[in-house]
Amino acid sequence: MAKRKVKRSSELRNIKRRKDEDQKLQSSVFSRVESDNEISDVEYINDDEIDNGKYEQQKEEELEEELEDYETRPRVFKNPEDEGEEGLPIRSADGTFKRRIIKKDIKTKENESGGDKEDSDIESDDEKDSESKDSDKKDNTEEEEEQFNEEDDESYKGLTQAEKIIKTKEDIAEMAQLLIEDPEENILQLSRLRKMSNSKNPLTAKLAVLALVPVFKSISPSYHIRPLTEVEKKEKVSKEVAKLRFFEQHLVLNYKHYVDLLMIKAAKFSTQSKSSPQDIEMGIIATNAACELASSLRFFNFRKEILKLLIRRIMKRPQNEFELKVFKKSVNTLDELLIEDASHGDISLEIVILLSKSIRRRDFNVNESVINILLSLTVLNDYQPNAKELHSDEVVKVKKKDRVHLSKTQKKQLKERKLIEQEMKNAEHAVTTEQREKNQAQILKMLLTFYLEILKARPAKLMAPVLESLSKFGHMVNIDLMGDFLQILREITEELLQNKDLNANEVRQILLCIMTSFSLVANLPPRKVVVDLNKFVDYLYSLLPNLSLDTDIEFSHKSLRLMDPLSSNELNIKPSVNVSTKAELFLRCLNMIFFNSKSGSSKRALAFTKRLYLAALHLPEKTDVALLKFLEKLMGKYGEIKTLYSTEDRVQNGVYHPEVNETERANTEVAVLWENILLTKHYANNVEMNTRHLFNLAK
């Protein structure tokens, strides 16, 4: 009897459960819980069952089953903030039903008033991405809508022209101040300020372009912001991370359009026929802004575009004083970037690539200062491509017996740690030794190939700076390229020496060719490679008479002299590096021949000593003193020079030939330094004292 009643009670519970599900579908309310007293059927229990305790046992079993049923029942939570219409429920795959409420579209006051501050907190990541893409398309395709027009703004209506100017300045200053004080909260103000920089009103555009420079310098980070991947866009992030992403996306987007605007504005030159005075002035302002951004935001996005802007500006010759100033500022900015890039090399590589391409495109018709920019490459100062020394930071192989045993978990943790460290290095722009050496190798290869092309083309304006650059980087030249360089330098020198009436620029080129040829072979291993530079020694020997008659031998571009009033070139741009005087270059060549190479010999020392004394009779005072100091040093290395100061105990073998331009055929052993007597009577006391000092040393 008891088993029959228990079976009956389970059937009743199943009937009750089906009624509850049907009732939920009819009412669509999940929060109401029916009471236990709604069962229509009544169970009759005998007194014997109560006495035996069967009734209590049955009740306990039913109570346990009801608790289990309550635990498996879907939970319902009331949300007082949910307001809307009740929709049809949705049945999921596991058989449960979910409530669906259609929310009403309620606009807040902030959205009605265009509150920029709340938008960044309400929008989701997907909405932000779609908005940035839509705004990017809008900026690229509908540029006219992005322009700021004062006539369409209600706040500017009814104002006079002077009042409009004052209000424009106040608005720009207020937006710039808000961005600098709290950039993440007021990032949407950047879009409006950037639109004002593209205004049809020239004054508004100038003020906005100038105001955006300190804003970007203040709010932009010193690292490159990469775009988000598809996985990162879909993942759920915290409110702070979403806010930071929203700020970075808008910052990069507005900075990109601002750089594009600067490139368009800076392309206006005075040499273009269609350019108005306002366009030319705006081009100068845009170039100045690019110089500020290039030096301050060198690690931020779109660095290459700003470098292109500056290099395109210096490719054309300035036509007035204002363009000359911005030309010099662009050159100085590129110089600073190369000087401060000693520990990285990536910026230097970009500048070398862009400069070489632009100069080739113009057939090497550029100013000398443009080539001199490459002399500021500090990343190559410690580069030794021919050295085979091992670096101290190279990985040393560990022997098998000394290796530490790691479990699979430890190996996995070590691998993950290395990946994290690599990401941190990339974020911090840390450049490893291998990456830096790779940049150095690419820079040197491109630089030497570029210099070789210039020497083959032989532009008159660029020969001197290229040769001086080779004298600085020549010791890094590869052995394969060295033959080509020496052959070209020899051809250039021979062509110039065929002209007896050499001008100052040609004399400088010959001296630089000689100095460059010796610097190229300075660091070669003498046991493996032997290069004959006797021709360049004779070239310098034959150039001495021209140098002795040069009145400007002690002058350079830095010398204080008056400009020629009859010169048609009023804006003569002086090179910033090629400033060595011809006397300094000549002394460097002498030191390289006799003290920094194996080209020196006793016969050549005698020949140069005799011809230097002949030249000293005509040279200025400072150059004479420098030459006498050099001869004192030379006498200490080659004692045969002392025989030229007297005729005692000597065997005469032939006649001295002063007109011969070859040291081996001059027969200087039979010559006498009679010029020493004339120099002891020199008008300058320093020359007289040094001459007597040399004569006493010879005794």
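Remarks
- Residues considered: L380, L310. Of these, the only one that is closer than 25 Å to K268 by Cα and in contact (Cβ under 8 Å) with a residue 24 or more places away in the chain is L310.
- Which listed residue, of F269, F246, is among the hydrophobic types (A, V, I, L, M, F, W, C), over 21 Å from the mean Cα position of the chain (by Cα) and closer than 19 Å to F322 by Cβ: F269
- F322 falls short on exactly one of the conditions (1) part of a helix (DSSP H, G or I); (2) among the hydrophobic types (A, V, I, L, M, F, W, C); (3) surrounded by 15 or more Cβ atoms within 10 Å (Cβ to Cβ), and that condition is (3).
- Odd one out for I443, checked against (1) open to solvent by 10 Å² or more (accessible area, probe 1.4 Å); (2) of a type outside the set (S, T, N, Q); (3) within 15 Å of V379 (Cβ to Cβ): (1)
- Scope the stretch 688-699; condition crowded, with 17+ Cβ neighbours inside 10 Å and aliphatic (A, V, I, L, M); matching residues: L694
Condition check ((1) out of contact with any helix residue (DSSP H, G or I) (no Cβ under 7 Å at 6 or more places or on another chain); (2) of a type in the set (F, W, Y)) across all residues:
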| residue | (1), (2) |
| --- | --- |
| K438 | yes, no |
| A464 | no, no |
| S471 | no, no |
| I488 | no, no |
| T493 | no, no |
| L496 | no, no |
| L502 | no, no |
| M515 | no, no |
| F518 | no, yes |
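- Qualifying residue in the stretch 355-367 (condition: crowded, with 21+ Cβ neighbours inside 10 Å, at pLDDT below 90 and either among the aliphatic types (A, V, I, L, M) or not in a helix (DSSP H, G or I) (or both)): no
- Residue check for L612: of a type in the set (A, V, I, L, M, F, W, C), surrounded by 17 or more Cβ atoms within 10 Å (Cβ to Cβ), touching a residue at least 12 places away in the same chain (Cβ under 8 Å) and in a helix (DSSP H, G or I): yes
- Among the residues making up the stretch 361-383, a single one is touching a Pro at 6+ places or on another chain (Cβ under 9 Å) and of a type in the set (S, T, Y): S369.
- Positions within the stretch 325-349 being within 21 Å of A266 (Cα to Cα) and either surrounded by 17 or more Cβ atoms within 10 Å (Cβ to Cβ) or of a type in the set (K, R) (or both), in sequence order: K325, V326, F327, K328, K329, S330, V331, T333, L334, D335, L337
- Tallying residues that are part of a loop (DSSP other than H, G, I, E, B) and open to solvent by 90 Å² or more (accessible area, probe 1.4 Å) within the stretch 648-687 yields 12.
- N332 vs. criteria in a helix (DSSP H, G or I), among the polar types (S, T, N, Q), within 21 Å of A457 (Cβ to Cβ) and modelled with pLDDT of 85 or more: no
Yes/no matrix, rows are residues, columns are (1) exposed (fewer than 12 other Cβ atoms within 10 Å of the Cβ); (2) part of a helix (DSSP H, G or I):
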| position | (1), (2) |
| --- | --- |
| A162 | yes, yes |
| K169 | no, yes |
| A173 | no, yes |
| Q189 | no, yes |
| R194 | no, yes |
| S199 | no, no |
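Condition check ((1) open to solvent by less than 10 Å² (accessible area, probe 1.4 Å); (2) of a type outside the set (K, R)) across all residues:
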| position | (1), (2) |
| --- | --- |
| T581 | no, yes |
| E584 | no, yes |
| C589 | yes, yes |
| M592 | no, yes |
| N596 | no, yes |
| G600 | no, yes |
| K603 | no, no |
| L617 | no, yes |
| D624 | yes, yes |
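- R312 open to solvent by 10 Å² or more (accessible area, probe 1.4 Å), in a loop (DSSP other than H, G, I, E, B) and either over 18 Å from L253 (Cα atoms) or at pLDDT 90 or above (or both): no
- Evaluating E453 against the criteria (1) of a type outside the set (A, V, I, L, M, F, W, C); (2) part of a helix (DSSP H, G or I); (3) modelled with pLDDT under 85 leaves one unmet condition, (3).
- Checked across the stretch 269-292, the condition of being in a helix (DSSP H, G or I), open to solvent by 60 Å² or more (accessible area, probe 1.4 Å), of a type in the set (S, T, Y) and touching a helix residue (DSSP H, G or I) at 6+ places or on another chain (Cβ under 8 Å) holds for no residue.
Conditions (1) among the charged types (D, E, K, R); (2) touching a strand residue (DSSP E or B) at 6+ places or on another chain (Cβ under 6 Å); (3) in a loop (DSSP other than H, G, I, E, B); (4) at pLDDT 85 or above, marked per residue:
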site: I492; (1), (2), (3), (4): no, no, no, yes
site: L496; (1), (2), (3), (4): no, no, no, yes
site: D501; (1), (2), (3), (4): yes, no, yes, no
site: N505; (1), (2), (3), (4): no, no, no, no
site: S519; (1), (2), (3), (4): no, no, no, no
site: L524; (1), (2), (3), (4): no, no, yes, no
site: V537; (1), (2), (3), (4): no, no, no, yes
site: L540; (1), (2), (3), (4): no, no, no, yes
site: P545; (1), (2), (3), (4): no, no, no, yes
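- Single condition K217 does not satisfy, out of (1) open to solvent by less than 40 Å² (accessible area, probe 1.4 Å); (2) of a type outside the set (V, I, T); (3) at pLDDT 55 or above: (1)
- Taking the criterion of being open to solvent by 10 Å² or more (accessible area, probe 1.4 Å), under 18 Å from V370 (Cβ atoms) and either assigned to a helix (DSSP H, G or I) or among the polar types (S, T, N, Q) (or both), the residues of the stretch 459-490 that qualify are E468, K472.
The values are calculated or read from the model by the stated rules, or taken from the named source; none is laboratory data. As the structure is a prediction and not an experimental result, all values here were calculated from the model. Quick reminder, even Gly has a Cβ in these numbers, built from the backbone with ideal geometry, and neighbours come from all protein chains shown. These area figures cover heavy atoms from the full protein model, side chains too; ligands, DNA and RNA do not enter into them. Shrake-Rupley method; radii C 1.70, N 1.55, O 1.52, S 1.80 Å.
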